[in-house]
Amino acid sequence: MTSGIAHELNNPLNNISLTTEALIGGMEDYSEEQKLRMLQEIFTQVERASGTVRNLLDFTRTEYRLEPIHIQGVIQASLKLVNNELQINNIEVETDFAPDLANVRGNFHDLQQVFLNLFLNSIQAMPNGGKMSISVRSENDKYLKTDVKDTGCGIPKENLDRIFEPFFTTKEVGKGTGLGLSVIYGVIEKIGGHIKVDSELGQWTRFSVYLPVE
Ligand SMILES: Nc1ncnc2c1ncn2[C@@H]1O[C@H](COP(=O)(O)OP(=O)(O)OP(=O)(O)O)[C@@H](O)[C@H]1O
Ligand SMILES: [Mg+2]
């Protein structure tokens, strides 16, 4: 990326960062009107950044394309990215890929984002170690179903409907923005798949990702 474009992106990102920080630090001190104005400012800056990205995409003609993707490769690449965190937190990983898996229709980078976010959530749910099990199998020859199960803190029933909402988080300020699962949801929807969650509080959580095969 040329430095000009980096700068064009950096500016709005800085503004977003500063405004968000001020908002987090002054939740009680600002009036509703001031808070609204700050949120509008953030929105404007996001629009500005996405405008830059849109121009960049037009310019390089790298439009969003769905390609045949080998899911096992995406999962292994995503696991590599969290290898350190897994070791530090004493988390054992078990993978179980069915033989002769078909390709899915998707975008490597986006799908990596999906699994990365799921793995990070699992890691954060197991501060005292545990096990993350990943399995992939075919579902009616139409979808590949990937289960990511952890032996972490679990999700209370009343939260199960809300976790995919943007900004829903149970993590302390500075630890989570609550965007991970909403991004995952958006990506999966865009490629024609869906995601389900099941959990037993204090025991385990399992996310099931269904992706359409090529
Ligand atoms: N594997 C999991 N085990 C237990 N709770 C989970 C798990 N995955 C998600 N959650 C719950 O869902 C909430 C929303 O998750 P999400 O990934 O959207 O945001 P976050 O992890 O809090 O923040 P961010 O992903 O933006 O850093 C989490 O705060 C947590 O309460
Ligand atoms: Mg998260």
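The values are calculated or read from the model by the stated rules, or taken from the named source; none is laboratory data. Note that the structure is a prediction, hence the values are computed from the model and not measured. Note that we place each Cβ from the backbone using ideal geometry, even for glycine, and neighbour counts take in every protein chain shown. Areas reflect the complete protein model, heavy atoms only, side chains present, ligands, DNA and RNA absent. Shrake-Rupley method; radii C 1.70, N 1.55, O 1.52, S 1.80 Å.
Table for the structure above
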item: Of K145/K175; K80/K190; K145/K190, pairs whose Cα-Cα distance is over 28 Å; result: K145/K175
item: With Cα atoms, 0 to 90° folded angle of helix 3-25 axis to the chain main axis; result: 80
item: Estimated inter-spin distance, I24 and N89, nm [label 7 Å along Cα→Cβ]; result: 1.8
item: Cα→Cβ-extended label distance, 7 Å offset, between E67 and K171, nm; result: 2.9
item: I42 - accessible surface, heavy atoms, 1.4 Å probe, Å² rounded to 10; result: 30
item: Spherically averaged projected area in nm², based on the convex hull that wraps the Cα atoms of segment 21-141; result: 11.8
item: GNM top mover of E94, E85, E41 - the chain, alpha-carbon springs below 10 Å; result: E41
item: Whole-Hz couplings from phi, Karplus 6.51/-1.76/1.60, listed for segment 171-185; x for Gly and Pro; result: 8, 5, 3, x, 8, x, 9, x, 9, x, 5, 6, 5, 4, 4
item: Protein-only accessible surface order, largest first, of L201, L179, L116 at 1.4 Å; result: L201, L179, L116
item: Rounded FRET efficiency, nearest 0.05, which uses the C-beta distance separating E214 from N55 and R0 of 41 Å; result: 0.85
item: Accessible carbon and sulfur surface of segment 3-60 relative to its total accessible area, %, 1.4 Å; result: 57
item: Principal-axis tilt of helix 108-125 within the chain, Cα atoms, nearest 10 degrees; result: 90
item: D_trans [Stokes-Einstein, Kirkwood Rh over alpha-carbon pairs] for segment 3-60, 37 °C, 0.692 mPa s, µm² s⁻¹; result: 267
item: From the C-alpha gyration tensor of the chain, square roots of 5λ in Å; result: 32, 25, 16
item: Distance in nm between pseudo-label sites at H109 and H194 (7 Å out along the Cβ direction from Cα); result: 2.9
